[in-house]
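One structure below.
The values are calculated or read from the model by the stated rules, or taken from the named source; none is laboratory data. Bear in mind that the values here come from a model prediction, so they are computed numbers and not experimental data. In this analysis, Cβ positions are derived from the backbone assuming ideal geometry, glycine residues included, and neighbour counts consider all displayed protein chains.
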Amino acid sequence: MKTLVLDFRTAGNAKVKVKVADAKDGLTLDAVKAAADKLMPVLVSTAGEGLASLEQASVVTTSTEILA
């Protein structure tokens, strides 16, 4: 399973992490930045601060091995 992980910073320099399950194959940095730009105006931190910038974007791939 692939998960898109977006790390944002607020105006107060707090970290906010957003995880999107089942990320598409072949995501590009430009596509992720465009999507993040749409998310930033509508998301706030738990302290109520708006998001100021996208700090990092990564795709995390996990697998499950059934043992029994």
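Determine, yes or no, whether THR3 is over 27 Å from THR64 (Cβ atoms) and out of contact with any helix residue (DSSP H, G or I) (no Cβ under 8 Å at 6 or more places or on another chain).
For THR3, the condition - over 27 Å from THR64 (Cβ atoms) and out of contact with any helix residue (DSSP H, G or I) (no Cβ under 8 Å at 6 or more places or on another chain) - is not met.
Got at least one residue in the stretch 2-19 being free of Cβ contacts under 8 Å to residues at least 24 places away in the same chain and surrounded by 10 or more Cβ atoms within 10 Å (Cβ to Cβ)?
yes
Please specify each residue of the stretch 31-68 satisfying the condition of being free of Cβ contacts under 8 Å to residues at least 24 places away in the same chain and of a type in the set (Gly, Ala, Ser).
ALA31, ALA34, ALA35, GLY48, ALA68
For the structure I just gave you, tell me whether VAL32 is surrounded by 16 or more Cβ atoms within 10 Å (Cβ to Cβ) and modelled with pLDDT of 95 or more.
Here the answer is yes, as VAL32 does meet what is asked.
Looking at (1) on the phi < 0 side of the Ramachandran plot; (2) at pLDDT below 95, which one does SER53 not meet, given that it meets all the others?
Here SER53 meets the rest and fails (2).
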